[in-house]
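In what follows, a structure is listed as structure tokens, so that the remarks can point back to it.
Any read-out appearing in this document is the output of simple, stated calculations on the displayed coordinates, not a laboratory observation. This structure is a prediction, so every number in the text was calculated from the model and none was measured. Here the Cβ positions follow ideal geometry from the backbone for every residue, glycine too, while neighbour counts run over all protein chains shown.
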Amino acid sequence: MLWQLGERTTDFSHLIRDRDAKFTDALDAVLGSEGITAAKIPPQSPNCNPYAERFIRSIREECTDRLLIFDRGHAERILHEYARHFNSHRPHQGRNQLAPHDDPNVIPLPPARLARRQAVANLINEYRRAG
């Protein structure tokens, strides 16, 4: 995981994980050597990380349940594209219908004309101001 993140490991300070036996103290030591603190959720509490649970549910309902995925590379491309859509375009109720990367101090003007862009293997339509 750290090898794939490369230079981006400095962007992370914590990893929230469950108490599965596959996560050993050795993993915590490797993460700690990179400055990442591994935080364990309480035992037998699957709903303890609602943000990750909601994101996984959104990916399943809006994306992977509607596609036939061919291989790992295809799955990674689809999931990267969905993560981009989720963070830069998809409105979130907890953020007053703003995407996570939207600036809350900017008040958008109502668009005169819209342009549609199909995203995530044509499963999702994104609408932007035509311009």
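Computed from the C-alpha gyration tensor, the three semi-axes of the ellipsoid equivalent to the range 1-45 are 20, 11, 9 Å, from longest to shortest. In this label model, H80 and L68 are separated by 2.4 nm, measuring between points 7 Å along each Cα→Cβ vector.
Given contacts defined as C-alpha pairs under 8 Å and at least six residues apart, what's the relative contact order of the chain, whole-number percent?
Working: 107 pairs, mean separation 19.3, N = 131.
Taking the mean separation of contacting Cα pairs over the length of the chain, I get 15 percent.
Taking the range 22-131, which chymotrypsin sites (Phe, Trp or Tyr not before Pro) meet the DSSP loop condition and have no more than 15 other C-beta atoms within 10 Å? All intermediate terms of the calculation are to be shown ahead of the outcome.
On the way: sites: F23, Y51, F55, F70, Y82, F86, Y127; in loops: F23, F70.
Answer by residue number: F23, F70.
Which FRET efficiency, nearest 0.05, do A119 and I41 yield, Cβ-Cβ r, R0 30 Å?
Details: r = 32 Å, r/R0 = 1.07.
It comes to 0.40.
A simple count of charges around L98, restricted to other residues whose Cβ falls under 15 Å of its Cβ and scoring Lys, Arg +1 and Asp, Glu -1, yields 0.
If you build a Gaussian network model of the chain, linking Cα atoms that sit under 10 Å apart, which residue out of L98, L15, L67 swings the most? Among L98, L15, L67, the largest GNM mean-square fluctuation belongs to L15.
Among beta bridges identified by DSSP and lying wholly in the chain, the antiparallel ones come to about 65 percent.
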